[in-house]
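What follows is a single structure, written as C-alpha cells, with notes after it.
The values are calculated or read from the model by the stated rules, or taken from the named source; none is laboratory data. Computed from a predicted structure; not experimentally measured. Here the Cβ is made from the backbone with ideal geometry for all residues, glycine too, and neighbour counts use every protein chain on show. Protein only, heavy atoms only, side chains kept; ligands, DNA and RNA dropped before computing areas. Shrake-Rupley method; radii C 1.70, N 1.55, O 1.52, S 1.80 Å.
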Amino acid sequence: MNTPTAVITGAAGGLGQATARQLLAAGFDVVAVTRDASSAQTTLHTLAAHAPERTVHALHADLMDRAAIRALVTRLRGTVAQVDVLVNNAGAAFSRYAETAEGVERTHALNHLAPFQLTHLLLADALFAPEARVINISSDLVTRGRIDTDAPDVTGVSWRDHFSQIAVYGTAKLAGVLATAALATRLPAGMHAYSANPGVVRTAFNSKSGGLLKAASLVGVFAQTPEKAAGTPVLLASAPTPPAPNGGFFAKKAAATRPGPARDAALASRVYEHTARTLDLVPLPTS
C-alpha cells in the first residue's frame, strides 16, 4: 500500500507545522511549503527529526506571486508522484492596504486567490490522487465578510479607500468558503474539498498581523494552541471515510456547518467563476 502524501502551505510554524507533525504521526509523508529557502530548510530539519521514519520534503514559494505558484507546481511535479491531501493553510491579515504586482490587495491574494490557483493547477496537472482531499483553512471572521452578490470582489481592490483589516480578512476567507463549496460540486467523483475553521490560534500570525488582530481580546483568553487547533484539518485529511458534506465548513472538529451565504449555491458559483476568470484559469464544469 502506497504511503499517502500531504502538501501543507504555511508550514514553517504555528498551525501549518502542527498539522504537518500530526499528519506525519498519522502515517502521511509530507511536503512542507514555506515562504523562503531559509524557512524551508529549517522546517525540513524540524519535521524530519520529528518523524525520521517518514519522507519529508520542503519547498518554498511566495504565494502572493502567481508565477511563484506556477513554479511551485512544477517543483511538486518533480518531487512527488501524487498529492493525496492539500492543506491550504498559508495566510495573513495585513493592517494596511497594499497591492501585489498583479494589482490585488494582499490579504485577498494570499488567503483566497493563492489556494484557488494552487488547487486548480494541481488539478490541471493531474497531480491529485483519485480520492484526494483539499482542505482550505478558514476563520471565525468569515462572519465579518461581505460579498457583493452582483459583482463579487475577489481581488479586494474595492477596499482601497475604506480599508478595514478584519472586514478585508473576513471577506477573503468568506470568498474562500464560497469557492470551496462550489469547487466540491465540480470535482471529479471521489475527490473532496472542505473549509476548516480551527478557531483562534495562539501563534505569531496575530502578532505579525498588527492592527486589531494583535489585540489581546482576540489572541489571549480564547486562543488555543496550534496542536489543538490542528485537530480540524487533521480530521478532514485522515478520516478513513471522507467527512460529509463535500464542500462543508467544519469548525473545531464539530459537525459541518456553513455560514449563511455559503448556502447560496448561485452566489458560491459566481464567486468561483469570478475567481477563475481573475486567475486566467479554466473553471471546472458543474457535475
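Taking Gly199, Gly103, Gly91 as the candidate residues, the one with maximal mean-square fluctuation in a Gaussian network model of the chain, Cα springs under 10 Å, is Gly103. Projected label points at Lys228 and Arg96, each 7 Å from Cα along the beta carbon direction, are separated by 3.5 nanometres.
Please find the FRET efficiency linking Val282 to Ala189, where r is the Cβ-Cβ separation and R0 is fixed at 22 Å, and quote it to the nearest 0.05. So, using R0 = 22 Å, E works out to roughly 0.70. Using 0.36 nm per residue and subtracting the Cα-Cα separation, the extra length available between Thr143 and Val157 on full extension is 3.0 nm. Restricting the count to DSSP beta bridges whose residues both fall in the chain, what percent are antiparallel, rounded to a multiple of 5? The answer is about 5 percent antiparallel. Across region 107-113, coupling constants 3J(HN,Hα) worked out from phi with the 6.51/-1.76/1.60 Karplus curve, θ = phi - 60°, read 4, 5, 4, 7, 8, 10, 5 Hz, and Gly and Pro carry x.
Of the residues Ala48, Thr34, Tyr97, the one whose Cα sits farthest toward the positive end of the charge dipole of region 1-157, with +1 on the Cβ of Lys and Arg and -1 on the Cβ of Asp and Glu, is Ala48. With 0.36 nm allotted per residue and the present C-alpha distance subtracted, the Ala124-Asn2 stretch has 41.7 nm of extension available. For a modelled paramagnetic label at Glu131, 7 Å from Cα along Cα-to-Cβ, no residue of region 62-84 is in reach, as no backbone nitrogen comes under 11 Å. Applied to region 147-156, the Karplus parametrisation 6.51 cos²θ - 1.76 cosθ + 1.60 on θ = phi - 60° returns per-residue 3J(HN,Hα) values of 10, 6, 5, 8, 9, x, 9, 9, 9, x Hz, with x for Gly and Pro.
Per residue, the solvent-accessible area of the chain (1.4 Å probe, heavy atoms of protein chains only, all protein chains present) comes to 42 Å². Once the Cβ-Cβ distance of Ala26 and Arg75 is raised to the sixth power relative to R0 = 35 Å, the FRET efficiency obtained is 0.90. Averaging Cα coordinates gives a centre for region 1-25 and one for region 118-193; these two points are 21 Å apart. Applying D = kT/(6 pi eta Rh) to the chain, where Rh is the Kirkwood radius over alpha-carbon pairs, T corresponds to 37 °C and eta to 0.692 mPa s, the Stokes-Einstein value obtained is 177 µm²/s. Note on Thr225: accessible area is roughly 60 Å² with a 1.4 Å probe, heavy atoms of protein only.
In the chain, the portion of solvent-accessible area held by carbon and sulfur atoms comes to 55 percent [1.4 Å probe, whole percent, DNA, RNA and ligands not counted]. Each of Ala239 and Gln82 was given a label point 7 Å from its Cα along the Cα-to-Cβ line. The distance between the two points is 2.2 nm. Among 161-172, 36-47, the peptide with the highest mean count of other Cβ atoms within 10 Å heads the list, and the full ranking is 161-172, 36-47.
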